[in-house]
């Protein structure tokens with residue numbers, strides 16, 4: 001059995017170094033970077049802090065069991081030993097999500113069912129009743145990770161994934177996940193004071209996340225978490241954490257944010273989301289084609305943007321999309337000398353069309369690979 005103080009924070013591929021640094025900044029113990037996230041040790045309070053403050057994490061899992069699992073009997077018996085009644089009331093609801101790879105058991109739905117059977121059978125055996133199984137809004141989420149015939153059973157302390165911040169008023173067409181947007185900003189090296197400009201602002205995710213960072217607002221301030229519904233939850237713990245987080249908020253009235261998009265509805269979405277998040281920064285929004293991008297004189301800040309990829313937005317003629325990148329790259333070189341650049345694109349070919357030098361970082365938006373271009377000081381192409 002794994003220690004009850006072992007946690008694993010998950011993140012999108014490529015954001016592991018960012019998440020590792022965030023955990024260091026939170027002074028978590030025994031942090032270890034792994035594929036898909038970071039392991040750390042701590043208390044229930046540390047898990048609550050992680051949920052409240054981590055900007056790049058998708059979930060925070062509490063590991064409760066780890067064992068060899070070759071057959072479905074192994075899976076069932078191992079799950080049967082876990083004292084689920086510590087966290088779940090007999091009349092509560094549970095959800096099991098599984099991933100299985102390179103193992104004798106590879107069917108995720110079957111794995112989920114066997115773990116559900118074990119949990120319900122344990123409750124029936126010891127308490128004479130059993131919890132209900134749900135799909136959403138449950139009291140206890142359980143994660144099953146099966147790899148090379150070893151299984152890890154974890155409790156989902158987050159509930160809804162952490163990219164669901166709770167501030168989003170307008171969805172937009174293909175919104176960037178809030179956790180990925182935060183990761184882009186953290187990778188960019190933006191100092192949280194310089195002007196930040198997004199010429200493909202969409203629904204404003206990058207602008208909102210930037211403002212939250214600048215104001216030192218905990219990204220989890222707008223929502224609740226799965227662990228608050230556990231049988232042994234301590235409401236006072238989260239009350240104190242949220243009160244402490246409120247005291248840390250800083251004014252961002254001097255922060256300059258600029259967003260533009262060729263679609264007027266998207267600009268309206270951005271305005272709605274900034275208002276919903278309570279942003280008090282100096283925000284300038286306009287309907288404008290990025291091929292004509294020209295920042296206000298003297299801003300000299302950071303350009304951070306999620307350009308159209310073609311796979312979800314702007315699908316169609318590839319050459320037309322490359323032309324957009326070429327024209328935008330020209331504007332960057334001519335109008336943004338001295339600015340930093342963090343541009344998320346779908347592939348290297350699109351970045352080649354942009355014509356800008358810089359470091360490239362492979363990331364992923366859900367199951368779609370993407371690439372981030374980082375240029376610390378914009379200048380002419382090499």
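Details
- Each label was represented as a point 7 Å from its Cα along the Cα-to-Cβ direction; for residue 107 and residue 333 these points are 5.7 nm apart.
- When both bridge partners sit in the range 6-156, DSSP labels roughly 75% of those beta bridges antiparallel.
- Gain upon complete extension [residue 367, residue 171; 0.36 nm per residue less C-alpha separation]: 68.6 nm
- Rounded to the nearest 10 degrees, the inclination of helix 235-248 to the longest alpha-carbon principal axis of the chain is 20 degrees.
- Nearest-ten-degree value, helix 205-214 long axis tilted from longest Cα axis of the chain: 80
- For the pair residue 73 and residue 127, a Förster radius of 25 Å applied to the C-beta separation gives a FRET efficiency near 0.60, rounded to the nearest 0.05.
- In nm, spacing of pseudo-spin labels at residue 91 and residue 29 (7 Å Cα→C-beta vector): 3.9
- Short-range pairs are left out: with C-alpha atoms under 8 Å and at least six residues apart, the relative contact order of the range 262-351 is 35 percent.
- Between residue 374 and residue 43, the C-beta separation translates, for a Förster distance of 45 Å, into a calculated FRET efficiency of about 0.80.
- Between helix 108-127 and the chain there is an angle of about 40 degrees, using the helix long axis and the longest principal axis of the Cα atoms.
- The distance separating the Cα centre of the range 136-200 from that of the range 354-369 comes to 18 Å.
- The relative contact order of the range 6-156, computed from alpha carbon pairs under 8 Å that lie at least 6 residues apart in sequence, is 25 percent.
- Shape category assigned to the range 111-171 from the gyration tensor of Cα positions, a/c cut at 1.5: oblate
- The distance linking the range 69-115 with the range 208-229 is 31 Å (Cα centroid to Cα centroid, whole angstrom).
- Within the chain, DSSP assigns beta bridges of which about 60% are antiparallel (rounded to the nearest 5).
- With R₀ fixed at 35 Å, the C-beta to C-beta distance from residue 137 to residue 294 puts the FRET efficiency at about 0.15.
- With contacts taken as Cα pairs under 8 Å and at least 6 residues apart, the chain reaches a relative contact order of 15 percent.
Since every read-out is calculated from the coordinates, none of them should be taken as a lab result. Note that the structure is predicted; figures quoted are calculated from it, not measured. Ideal geometry is used to build each Cβ from the backbone, glycine not excepted, and the neighbour counts take in all protein chains shown.
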